[in-house]
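I have placed the structure first, in the form of structure tokens, so that the comments after it can refer back to it.
We did not get these values from a lab; they are worked out from the coordinates using the rules stated. Bear in mind that the values here come from a model prediction, so they are computed numbers and not experimental data. Neighbour counts run over all protein chains shown; Cβ positions are idealised from the backbone, glycine included.
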Amino acid sequence: MSNAASSSDDVVRAALVQTKWTGDKDSMIKANVALARQAAAEGAQVLCFQELFYGPYFCQVQDPEYFSYTESIPGPTTELMQALAEETRMVLVAPIYEMEQEGVFYNTAIVIDADGTYLGKYRKHHIPQVQGFWEKYYFRPGNLGYPVFETAVGPIGVYICYDRHFPEGWRALGLAGARIVFNPSATSRGLSAYLWNLEQPAAAVANEYFVGAINRVGVEPLGENNFYGSSYFVSPRGQLVGEAASDSEDEVIVRDLDMSVLKEVRHTWAFYRDRRPDSYGELVVP
């Protein structure tokens with residue numbers, strides 16, 4: 001469901017997709033593509049899928065069988081996303097289990113421009129290794145920095161799931177000019193559920209941009225993690241843009257993001273002017 005449209009040239013119509021695991025890669029891609037086309041029919045200009053969107057969240061177990069979900073970038077899913085972007089005229093952010101070379105794998109998101117051009121990728125920096133989230137078994141830490149991609153809807157950034165607990169990357173994306181940052185995730189009820197509605201609004205306020213928070217949904221057969229969806233957009237004022245998505249069902253949400261708010265907020269709260277990088281040296285000491 002979309003919120004009310006605006007005629008302003010400063011408005012970006014953006015979408016988030018959350019889906020349950022369908023049982024196999026092909027049907028998972030089909031379900032996500034169908035929701036993306038639905039978003040395009042509602043006028044979406046940019047869309048982000050959930051973390052590791054075409055597979056289960058296999059990090060609930062440690063099993064080399066799931067290395068089979070890796071792909072090169074560019075590769076088959078990249079090419080499919082390029083065709084979908086060209087068809088729908090949407091900018092797409094698609095998380096992929098990337099194989100750089102055999103045995104060297106990353107948790108990655110690709111960015112495709114609205115004309116189908118592959119713009120680049122972000123590799124997840126912060127890799128957890130705790131009960132039910134055995135990610136160090138599957139992924140190397142990202143090594144490509146915090147890129148901001150110049151797209152048809154303006155500069156966007158990507159941060160992935162566990163990254164959101166670390167403020168430094170959020171700030172790096174803001175300093176590089178991001179106006180929207182997408183955080184595709186696999187977040188379950190329990191330990192971190194209460195943080196879902198705290199951290200990303202706080203990041204949006206502190207860094208003065210819009211954040212799109214995407215979560216998986218449903219209980220998957222590999223473990224007992226209950227992914228609760230509740231995907232949402234939040235403004236630089238820390239306010240939800242429309243309602244959050246369902247906590248139990250597949251859904252695509254489409255929201256109008258008023259970019260004029262960025263100027264207004266940055267003139268009111270001059271956080272970038274008042275930064276003191278000369279005093280932050282201790283923050284980067286290992």
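Take the Cα of Ser68, step 7 Å along the line toward its Cβ, and report every residue of the range 134-166 whose backbone nitrogen sits under 20 Å from that point. The answer is 137-139. Near the amide H of Leu257, within less than 5 Å, lie the amide hydrogens of Val12, Arg13, Ala14, all on another chain or at least 5 residues away, with H placed in the peptide plane.
Taking each residue as 0.36 nm, the span from Glu102 to Leu119 lengthens on full extension beyond its C-alpha to C-alpha distance by 3.7 nm.
Pick from Pro64, Pro155, Pro221 the residue whose mean-square fluctuation is largest in a GNM of the chain, springs joining Cα atoms under 10 Å. Judging by the Gaussian network model, the answer is Pro64. With a cut-off of 14 Å between beta carbons, the residues surrounding Ser248 carry a summed charge of -2, where Lys and Arg count +1 and Asp and Glu -1. The GNM of the chain, with springs linking C-alpha atoms under 10 angstrom apart, assigns the highest mean-square fluctuation among Ala39, Ala206, Ala85 to Ala206.
Where the eigenvalues come from the Cα gyration tensor of the range 108-222, what are the semi-axes √(5λ) of the equivalent ellipsoid, largest first, in whole Å?
Working: eigenvalues 111, 57, 38 Å².
Each semi-axis is √(5λ); the values are 24, 17, 14 Å.
Mean-square fluctuations from a GNM of the chain, with a 10 angstrom spring cutoff on Cα atoms, peak among Tyr122, Tyr137, Tyr54 at Tyr137.
On alpha carbon coordinates alone, what is the Rg over Rh value for the range 217-270, Rh being the Kirkwood radius? Walk me through the numbers on the way to the answer.
On the way: Rg = 15.7 Å, Rh = 13.3 Å.
Using only Cα positions, Rg/Rh for the range 217-270 is 1.18.
Taking other Cβ atoms within 10 Å as a rough exposure proxy, Asp26, Asp274, Asp113 sort from fewest to most as Asp274, Asp26, Asp113.
Could you grab the relative contact order for the chain? Cα pairs under 8 Å, six or more apart, rounded to a whole percent.
For the chain, the relative contact order is 21 percent.
Farthest towards the positive end of the charge dipole of the range 24-135, among the residues Ile96, Leu35, Phe67, is the Cα of Leu35, using unit charges on the Cβ of Lys, Arg, Asp and Glu. Label zone of Arg189 (point 7 Å out along Cα→Cβ, amide N under 19 Å): in the range 47-84 this covers 57, 60. Rounded to the nearest 20, the Cβ-based charge dipole of the range 167-286 about its Cα centre (Lys and Arg +1, Asp and Glu -1) stands at 540 debye.
Computed extension gain for Glu86 through Phe166, at 0.36 nm per residue and net of the alpha carbon distance, reaches 25.4 nm.
Please report the antiparallel percentage of the DSSP beta bridges confined to the range 165-233, to the nearest 5.
Working: 6 of 12 bridges.
The antiparallel proportion sits near 50 percent.
Hey, what number do you get for the chain at 222 nm if only DSSP H runs of n ≥ 4 count, each worth -39500 (n - 2.57), divided across all residues, to the nearest 500?
Calculated from helices alone, the mean residue ellipticity at 222 nm is -6500 deg cm²/dmol.
Placing a pseudo-label 7 Å from each Cα along the Cα-to-Cβ vector at Asn197 and Arg37 gives an inter-label distance of 3.5 nm. Listing Asp278, Asp24 from fewest to most neighbouring C-beta atoms within 10 Å gives Asp278, Asp24.
Take Val261, Val285, Val93, Val148 and order them by how many other Cβ atoms sit within 10 Å, fewest up front.
Placing the least packed residue first, the sequence is Val285, Val261, Val148, Val93.
Between (i) 18.8; (ii) 19.6; (iii) 20.2, which entry matches Kirkwood radius over Cα pairs in Å as derived from the coordinates of this structure? From the options (i) 18.8; (ii) 19.6; (iii) 20.2, the structure gives (i).
If you take the beta carbon distance between Arg276 and Lys30 as r and set R0 to 35 Å, what does 1/(1 + (r/R0)^6) give as a FRET efficiency, to the nearest 0.05?
Numbers: r = 50 Å, r/R0 = 1.44.
That pair, Arg276 with Lys30, gives E of 0.10.
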